[in-house]
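Here is the structure we will look at, set down as structure tokens.
The values are calculated or read from the model by the stated rules, or taken from the named source; none is laboratory data. These numbers were taken from a predicted model, which means no experiment stands behind them. Note that each Cβ is placed from the backbone with ideal geometry, even for glycine, and that neighbours are counted across all protein chains shown. Just so you know, the surface numbers come from the protein's heavy atoms only, side chains and all, with ligands and any DNA or RNA stripped out. Shrake-Rupley method; radii C 1.70, N 1.55, O 1.52, S 1.80 Å.
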Amino acid sequence: MSAISTYSLNDHTVLPAIGFGTYPLKGEEGIEAMTSALEVGYRMLDTAVNYENEVEVGEALRRSGLPRAEVVIASKIPGRDHAYDDAIASVRGSLERLGIEQLDLGLIHWPNPSVNKYVEAWRALIALREEGLVRSIGVSNFTKAHLNRIIAESGVTPAVNQIEMHPRFPQAEMRAVHERLGIRTEAWSPMGKRQAPLEEQAVTAAAKAHGVTPGQVILRWHLQLGSLPIPKSATPARQQQNLDVFGFELTDAEVAAISALGVPDGRLFGGDPDTHEEM
Ligand SMILES: NC(=O)c1ccc[n+]([C@@H]2O[C@H](COP(=O)([O-])OP(=O)(O)OC[C@H]3O[C@@H](n4cnc5c(N)ncnc54)[C@H](OP(=O)(O)O)[C@@H]3O)[C@@H](O)[C@H]2O)c1
């Protein structure tokens, strides 16, 4: 298997080009799935307060025996904790549950515009970074307007925005916004979850041409668009397969054909940041 590539962020830190999604892995089974992911080579685990599995993520990290500095741990502040002091306490709570001293990547999970406190949460992340409790700071599910607002009000640009992105919802517009602002696109539900277009001709043809699986084609498509996908799999064989995407390259035509699977209503249920709010 070829080595995992990396992405440099606007704060000069580096992330693996693929991370491991941990929702909804929980309990002993969850720990085993995460430990297996670290064993097959993942070096970034994506969790959130709302996944209620930070304890399991910390346990998997320790069971793996890997040096702390080799694994990126990302977590997210929930909507109910956007007030400044609550956001600070939220991250401290995450560190405690994870059993680590510093979060490598701290994100605001959803903007929850009706609450209108995401700027406070952003200021808290800036302070936590200054204090050394978080290494890189970013957001999730932020629209162009939300990004522009936090940047204008704080002068600090997020290192990443983790958004829904998969072949049915390729996010061309948000990727262009990120490119302009110097923000790395991180992709949640990168396969498209249960609606993964694993049998679409654009995907199967590329899989056949490169001697890989449809899932590998989709993840490679992400990489070639500059996105950092965080696929979840509880199956060790798929975990390994999903990481083995650095030894082939899709043609421009193949990338375009997969992007053409995008449709205006291609979002998964509940993925619209303007209407979906998560406390
Ligand atoms: N920021 C946010 O608001 C937000 C929202 C949703 C998700 N997330 C994050 O994103 C991560 C990933 O998203 P997700 O779990 O929703 O979707 P996903 O990674 O697109 O899809 C996961 C599903 O695809 C299956 N799968 C994985 N690899 C496969 C392959 N190679 N071939 C066929 N099927 C495959 C998995 O099954 P098996 O497990 O059986 O292999 C699982 O059912 C989450 O775990 C979470 O960390 C963030």
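Lys-Lys pairs in the chain that are eight or more residues apart or on separate chains and whose Cα atoms lie under 25 Å of each other come to 12.
A simple spin-label model places the labels of residue 92 and residue 156 1.7 nm from each other, with each point 7 Å out along Cα-to-Cβ. Computed from backbone phi, the HN-Hα couplings of segment 121-129 come to 4, 5, 4, 5, 5, 4, 5, 5, 5 Hz, rounded to whole numbers (Karplus: 6.51 cos²θ - 1.76 cosθ + 1.60, θ = phi - 60°; Gly and Pro given as x). Grouping the Cα pair distances of segment 116-168 into 5 Å bins from zero gives a pair-distance distribution of 5, 19, 31, 23, 12, 6, 4, 1, 0 percent in increasing distance order. Highest mean first, the peptides 52-63, 234-245 sorted by other C-beta atoms within 10 Å per residue fall in the order 52-63, 234-245.
Relative intensity of segment 21-64 on a log10 scale, I(q)/I(0) at q = 0.28 Å⁻¹, equals -0.97, per a Debye sum over C-alpha point scatterers of equal strength in the absence of solvent.
Largest GNM mean-square fluctuation among 73, 151, 230, using the chain with Cα springs under 10 Å: 151. Computed from phi, the 3J(HN,Hα) profile of segment 130-139 under the Karplus parametrisation 6.51, -1.76, 1.60 (θ = phi - 60°) reads 4, 7, x, 7, 9, 7, 10, 10, x, 9 Hz, with x in place of Gly and Pro.
Between helix 84-98 and the chain there is an angle of about 60 degrees, using the helix long axis and the longest principal axis of the Cα atoms.
Solvent-accessible area of the chain (1.4 angstrom probe, protein heavy atoms only): carbon and sulfur portion equals 49 percent. In this structure the chain gives 42 Å² per residue of accessible area when probed at 1.4 Å with all protein chains present.
Pair-distance distribution of segment 21-100: all C-alpha pairs, bin width 5 Å, starting at 0; shares per bin in whole percent are 3, 17, 28, 24, 15, 8, 4, 1. Dividing the convex hull volume of the alpha-carbon atoms in the chain by its residue count gives 116 Å³ per residue. Sorted from greatest to least, the principal axis extents spanned by the alpha carbons of segment 63-200 come out as 46, 42, 26 Å. Extension gain, residue 268 to residue 237: 0.36 nm times the residue separation minus the Cα-Cα distance gives 8.6 nm. Find the all-direction average of the projected area of the Cα convex hull for segment 1-144, expressing the result in square nanometres with one decimal place. Across all orientations, segment 1-144 yields a mean hull projection of 8.7 nm². Could you give the angle, 0 to 90 degrees to the nearest 10, between helix 172-181's Cα long axis and the longest principal axis of the Cα atoms of the chain? The angle comes out near 50 degrees. All Cα-Cα separations within segment 149-279 were binned at 5 Å from zero, giving a P(r) of 2, 10, 20, 22, 20, 13, 7, 4, 2, 0, each value a whole percent of the pairs. Along its three principal directions, the equivalent ellipsoid of segment 220-277 from the Cα gyration tensor extends over semi-axes of 24, 19, 9 Å, largest first.
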